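Student: The structure follows.
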Amino acid sequence: MAECLHCGVEFTPRKEGHVFHTVECRHRGERRPEDRVPVDHEAIERLFDPRRDPDERVRADDWHPSPASPFGELDACDTVEKRRRWYTNLRDLGRL
């Protein structure tokens, strides 16, 4: 397993020396260490657990891009589906 130098996602390299998990991440380049946010893989796995109802409210231990957000109470009203879309959109834009 390797960690993408742009977004931090763990992936299995197809060839020796691969350091980016997608072509998009490779084109965006390596992020500086101070720009990287630690990836909580367990929180992401919990959020995308297929057994969860997409309409249920998120839990406090679900993934959030900024756990110290001043909008915690507002974000707690998110549904699992909304938070999944939020994560996916940020990942696809290279913000994670």
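Student: Return the only residue of 8, 29 being in contact (Cβ under 8 Å) with a residue 60 or more places away in the chain, out of contact with any Cys (no Cβ under 9 Å at 6 or more places or on another chain) and of a type in the set (Gly, Ala, Ser).
Tutor: Values: 29 fails: in contact (Cβ under 8 Å) with a residue 60 or more places away in the chain.
Unique residue meeting the criteria: 8.
Student: Which of the numbered conditions does residue 22 fail, given that it passes all the others? Conditions: (1) outside the structural domain of residue 93 (by TED's automatic domain parsing); (2) among the β-branched types (Val, Ile, Thr); (3) over 16 Å from the mean Cα position of the chain (by Cα).
Tutor: Checking residue 22 against (1) outside the structural domain of residue 93 (by TED's automatic domain parsing); (2) among the β-branched types (Val, Ile, Thr); (3) over 16 Å from the mean Cα position of the chain (by Cα), the one that fails is (3).
Student: Restricting to region 49-96, count the residues that are modelled with pLDDT of 85 or more, hydrophobic (A, V, I, L, M, F, W, C), in a loop (DSSP other than H, G, I, E, B) and surrounded by 14 or more Cβ atoms within 10 Å (Cβ to Cβ).
Tutor: Here the count works out to 2.
Student: A follow-up question, please. Provide a single number: the residues in region 39-48 that are in contact with a helix residue (DSSP H, G or I) (Cβ under 8 Å, 6 or more places away or on another chain) and outside any loop (DSSP other than H, G, I, E, B).
Tutor: Step one: list which residues in region 39-48 are in contact with a helix residue (DSSP H, G or I) (Cβ under 8 Å, 6 or more places away or on another chain), which gives 44, 47-48.
Subset that is outside any loop (DSSP other than H, G, I, E, B): 44, 47.
Number satisfying all stated conditions: 2.
Student: For region 1-26, which positions are assigned to a helix (DSSP H, G or I) and under 15 Å from residue 90 (Cα atoms)? Let's see the steps before the verdict.
Tutor: Initially, region 1-26 is screened for residues assigned to a helix (DSSP H, G or I), giving 23-26.
The answer is 24, 25.
The values are calculated or read from the model by the stated rules, or taken from the named source; none is laboratory data. Keep in mind the model is a prediction, meaning the values are calculated, not measured. Cβ sites come from the backbone with ideal geometry, for glycine too, and all protein chains shown count toward neighbours.
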